[in-house]
Amino acid sequence: MNAKMQSAQSGHSSAASESATTRLSRLLTMVPWLLNRQGVEIDEAAREFDVTPAQVEADLALLFLCGTPGGYHGDLIEAEWESGRVYLANADAINRPLRLGVDEALALIVGLRALAAVPGIGEREAVVRALAKLEAATGSAAAGTARIQVIIDAEAGAENIAAANQALAAHRRIHLRYLVPGRDETTERDVDPMRLINVDAHWYLEGWCHRAEDVRLFRLDRIEALAILDEDGTPPSIAEPRDLDAGVFTPRADDQLVRLALGPEAVWVSDYYPIESIERTTDGGAVIDLRTADTAWLRRLMWQLGSQATVLEPAELAREVDLGARAALEAYAGAAGSSEPDGSTPASG
Amino acid sequence: MISNVTVDRDPGEAFLRVRPGAGHSLRRQASAVEELNDSWSLISVSYTDTEAFAAEICGFGPDVVVTGPAELRESVIRRLTGALSTDEAAR
């Protein structure tokens, strides 16, 4: 994910130059391969790794600078290829087999299983192979992990994840039809994808939204349609990924302050949304302060909570909640008791 | 991370009137949509938990009106009445 993010941000790199991850992965494979074939010809190594002999030499020059921390001569890999044949020495650090504790291995198994379940990931075979090796190595200790399941948003369309991944990899702009439930709106927007992330079991696409002219998060199960455009999708340089450690809602200091009184059955609101402060009341309820830029979702929340919540501040929001509830109730006035599903009489107004 | 809590109740069928361009998430769940006129669509949506579904419907305010069943309708009316300013609700 990081690699994708960075490559998306760094703008264009020429198609001919390879990514750092591709090179790193070749270097890591190259060391044990060369150690087992001391004196192999550079040309043969080049064929094996499907690169030019000059690239092999460049890789060897880089390996020469690699090793354990310290950077003294004895810490670094020694590579010698002047004669056209390659000799490596002192590469134990990279050549050493990976050793994991049981707890580390189990954590990796659970994580890899979750990863293997993600639709449209490019390296699925590698994930499955690593998983098989880990399960074999941990033996009976891994038996219990079958009971641990990481549930990653099964509802998000697999096609959406696969398409978002594809757009990220190709740096393509996408067009979204996106549902904003807080405002009950379906919106159309062009987005330059930045990364695909899973937060609290939901998949989100983060990208530069050309409609909002800002970075936005799109929950994949709310994307109604996704089309990859034939246009470059490199986000502008000011597009900064948001810090999501605190969750996906991140209020800003200049957002409007709202004070709500919650009844005992509505106190869950204080756990669900980020709040500034909470005072418990004697009846088991609470008074909370929160900040938000958009109050449309709050109006909806207040209608849902009914008598279990009241807006204390601002007065304007309290009035809007009241007016909306009143307008909604008008549709029921006079028709009370009639529950035939004919629905043929539209309410006045 | 608990993805779903199974509710062992038979699903009921709700009939809802929905304003044009509103109730998107309800329309997505609808098993049938009928355009009544320029101001309303009639949709049918299956649900299991009356209170939870009533809360969802209340979130749309004046844009969604329950036609039936009565139980769902009453729950929506009770919630909306509770959302009126206190002095009004107390009358």
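The values are calculated or read from the model by the stated rules, or taken from the named source; none is laboratory data. Quick caveat, the model's predicted, so the values are computed rather than measured. Quick reminder, even Gly has a Cβ in these numbers, built from the backbone with ideal geometry, and neighbours come from all protein chains shown. In case anyone asks, the SASA skips ligands and DNA or RNA and just uses the protein heavy atoms, side chains included. Shrake-Rupley method; radii C 1.70, N 1.55, O 1.52, S 1.80 Å.
Miscellaneous remarks
- Residue that is nearest to the other protein chains (Cβ to nearest Cβ) [pool: residues in segment B:46-63 that are closer than 11 Å to B:Leu26 by Cβ and over 9 Å from the mean Cα position of the chain (by Cα)]: B:Asp63
- Residues of segment B:64-83 classified as of a type outside the set (Val, Ile, Thr) and more than 7 Å from chain A (Cβ to nearest Cβ), total: 4
- Within segment B:19-76, tally of residues that are free of Cβ contacts under 8 Å to residues at least 12 places away in the same chain and among the β-branched types (Val, Ile, Thr): 1
- Matching option when the condition is within 24 Å of A:Asp184 (Cβ to Cβ), touching a strand residue (DSSP E or B) at 6+ places or on another chain (Cβ under 6 Å) and either surrounded by 14 or more Cβ atoms within 10 Å (Cβ to Cβ) or more than 14 Å from chain B (Cβ to nearest Cβ) (or both), among A:Leu257, A:Leu317, A:Leu301, A:Leu229: A:Leu317
- Inter-residue pairs, beta-carbon under 9 Å, first in contact (Cβ under 8 Å) with a residue 24 or more places away in the chain and in segment A:216-241, second among the polar types (S, T, N, Q) and buried (at least 21 other Cβ atoms within 10 Å of the Cβ), 6+ apart: A:Leu220/A:Asn160; A:Asp221/A:Asn160; A:Ile223/A:Asn160; A:Leu226/A:Asn160
- Tally of residues being touching a residue at least 40 places away in the same chain (Cβ under 8 Å) and at negative phi across segment A:192-215: 12
- Filter result for A:Val267 (more than 11 Å from chain B (Cβ to nearest Cβ), open to solvent by 10 Å² or more (accessible area, probe 1.4 Å) and at pLDDT 95 or above): no
- Top-ranked residue in segment A:174-185 [being surrounded by fewer than 17 Cβ atoms within 10 Å (Cβ to Cβ) and not charged (D, E, K, R); ranked as farthest from the other protein chains (Cβ to nearest Cβ)]: A:His175
- All conditions in (1) outside any loop (DSSP other than H, G, I, E, B); (2) at pLDDT 90 or above hold for A:Gly284, with the sole exception of (1).
Here's the yes/no breakdown for (1) at pLDDT 80 or above; (2) in contact with a strand residue (DSSP E or B) (Cβ under 7 Å, 6 or more places away or on another chain); (3) farther than 29 Å from A:Arg211 by Cβ; (4) not aromatic (Phe, Trp, Tyr):
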| residue | (1), (2), (3), (4) |
| --- | --- |
| A:Ala132 | yes, no, yes, yes |
| A:Thr138 | no, no, yes, yes |
| A:Asp153 | no, yes, no, yes |
| A:Ala162 | yes, no, no, yes |
| A:Ile174 | yes, yes, no, yes |
| A:Val180 | yes, yes, no, yes |
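To keep it simple, each residue is scored yes or no on (1) part of a loop (DSSP other than H, G, I, E, B); (2) at pLDDT below 95.
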{"site": "B:Val7", "(1), (2)": "yes, yes"}
{"site": "B:Phe15", "(1), (2)": "no, no"}
{"site": "B:Glu34", "(1), (2)": "no, yes"}
{"site": "B:Leu84", "(1), (2)": "yes, yes"}
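- The single condition from (1) more than 21 Å from A:Ala296 (Cα to Cα); (2) more than 8 Å from every other protein chain (Cβ to nearest Cβ); (3) among the aliphatic types (A, V, I, L, M) that B:Leu36 fails is (2).
- In the condition set (1) modelled with pLDDT of 90 or more; (2) part of a helix (DSSP H, G or I), A:Arg259 is compliant with all but (2).
- Top-ranked residue in segment A:232-247 [being open to solvent by less than 30 Å² (accessible area, probe 1.4 Å) and under 29 Å from A:Tyr273 (Cα atoms); ranked as modelled with the highest pLDDT]: A:Ala239
- For A:His210, the conditions (1) more than 12 Å from chain B (Cβ to nearest Cβ); (2) buried (at least 20 other Cβ atoms within 10 Å of the Cβ) all hold with the exception of (2).
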